[in-house]
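Participant: My questions will all concern the structure given below.
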Amino acid sequence: MKYPPRRAATCGCGYLAAFLTLLLVASLQIQYHHLKVDLGRSDFDAATATQRRREGGRRGGGSAGRWSRKTGAEGLPRGIVETSSDMYLRPLWDSAGAATKTSAKSKNDRYKALLAMAVGIEQMQNVDTMARKFLNESYTVMLFHYDGNVDGWRGLEWSDKAIHVLAPNQTKWWFAKRFLHPSVVAIYDFIFLWDEDLGVEKFDPRRYLDIMVSEGLEITQPALDPDLSTDIHHRITIRNKMTKVHRRVYDNRPSMNCSDDSKGPPCTGWVEGMAPVFSRAAWKCVWHLIQNDLIHGWGLDMKLGYCAQGDRAEKVGVIDSEYVVHQGIPSLGGPSHTSKIPRRSLDLRTQIRRKSSAELEKFKERWDKAVREDDEWLDPFEA
């Protein structure tokens, strides 16, 4: 008996074989593409490594002179990279005029300095006096407005020369962490991070910086006039009329016991957070010390000496010959100086005080935890 040919089965096997062949080809093409990309990356890495070695050879082979692409600018040619910024205002017109004149004038100064303050409209008159002193020396002034009022400052003749930043109810440490990154302020030799309630009648910023440089200081503050200041918390900040600079205080009280044997804060190597002045190198370290969420800055003053670029007992000091008056005027959460103190203001000040104290404890805990967990870090001031 004869049977008919079995065409259907043969046809189905052909379609299946063709599909599998196409799938295999597609898979091989995808693998080849990934391999090509990986090889390209390897070639690029090798090329950039070779270029770095060549650049190092041209500069003497030392690692200190090498330019690193690992800054987020890996995809850019070297010559186009700007690694820092400044606070010079650049007008929309006359590009060869005001901006150029400002830059040229600043280049002729002995130092470049930035005064940054958190301010409210209630202290405008006092801030006006402070800002004029710094602007007269061609220093930059940056105002952090915590009360939301920027327009109220427009009437001052120097207002358009200052940098204005607004964020309601924030402290100077909050502003500094977000707007004074070391790369942004790298052009400045010194950073003044001051409170708004300082009297500067007897203060000259240029002479102050001359003393800071001649004494080899990296972190300083002006001394406080004990006769006129209304709010002095620490004896080391009191002006010594017999000296130009002092780096330590002597106190025989059991709670302090500060002597020549004292090696750290608050007896030596310490300034208060009210009116600190930082060198460029010190600020690069201090910026990293400021915590994002601990905005009152309590506890920072006790650790600033770790950023002093050396022995804090020598590199940190209080400058006596250029002193200020601390007026002790409440700012954030405080009442207007022209009105009676309302109950709400008292409640806000109490809450701020409690939050500040809580942040102090958190900062201490974080420092202790960081020290425990970093096996490679050695405390340079450990007894």
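Participant: Binning at 5 Å from 0, report for the stretch 98-328 what percent of all alpha-carbon pair distances ends up in each bin.
Facilitator: 1, 7, 14, 19, 20, 18, 11, 6, 2, 1, 0, 0
Participant: In what sequence, highest mean first, do 220-232, 80-92 appear when ranked by Cβ atoms within 10 angstrom? It would help to have the intermediate numbers written out before the result.
Facilitator: Working: 220-232: 18.9, 80-92: 11.3.
The most tightly packed comes first, giving 220-232, 80-92.
Participant: Can I ask one more? How about the stretch 219-257: which trypsin sites (Lys or Arg not before Pro) there are in a DSSP loop, with at most 15 other Cβ atoms within 10 Å of their Cβ?
Facilitator: On the way: sites: Arg235, Arg239, Lys241, Lys244, Arg247, Arg248; in loops: Arg239, Lys241, Lys244, Arg247.
Within the stretch 219-257, the qualifying trypsin sites (Lys or Arg not before Pro) (loop, at most 15 other Cβ atoms within 10 Å) are Lys241, Lys244.
Participant: Past the 21 Å Cα-Cα mark, which pairs from Lys133/Lys284; Lys112/Lys244; Lys177/Lys202; Lys315/Lys369; Lys177/Lys364; Lys133/Lys202? Mind showing how you got there, number by number?
Facilitator: Working: Lys133/Lys284 25 Å; Lys112/Lys244 23 Å; Lys177/Lys202 30 Å; Lys315/Lys369 27 Å; Lys177/Lys364 19 Å; Lys133/Lys202 11 Å.
Too far apart for the 21 Å limit: Lys133/Lys284; Lys112/Lys244; Lys177/Lys202; Lys315/Lys369.
Participant: Find out how many positive minus negative residues lie around Gly297, taking Lys and Arg as positive, Asp and Glu as negative, among other residues whose Cβ is under 9 Å from that of Gly297. Present the calculation step by step, with values, prior to reporting the outcome.
Facilitator: On the way: positive: Lys172; negative: Asp301, Glu359.
Net local charge, Gly297 excluded: -1.
Participant: What number comes out for the charge environment of Gly216, summing +1 per Lys or Arg and -1 per Asp or Glu over other residues with Cβ under 9 Å away? Write down the numbers at each step before the final one.
Facilitator: Numbers: positive: Lys315; negative: Glu215, Glu218, Glu314.
Surrounding charge for Gly216 is -2.
Participant: GluC sites (Glu not before Pro), restricted to the stretch 193-281: which are DSSP loop and have at most 13 other Cβ atoms within 10 Å? Write out the running numbers ahead of the final one.
Facilitator: Details: sites: Glu196, Glu201, Glu215, Glu218, Glu272; in loops: Glu196, Glu201, Glu215, Glu218, Glu272.
Sparse-neighbourhood loop GluC sites (Glu not before Pro): Glu201.
Participant: Can you check what the net charge comes to around Tyr306, using other residues whose Cβ is under 9 Å from the Cβ of Tyr306 (Lys, Arg +1; Asp, Glu -1)? It would help to have the intermediate numbers written out before the result.
Facilitator: Numbers: positive: Lys303, Arg312; negative: Asp379.
Net charge in that neighbourhood comes out at +1.
All of the numbers you see were taken from the coordinates with simple rules; none came from a lab. Treat the numbers as computed from the prediction; the structure is a model and nothing was measured. No Cβ is skipped: glycine too gets one built from the backbone with ideal geometry, and neighbour counts run over all protein chains shown.
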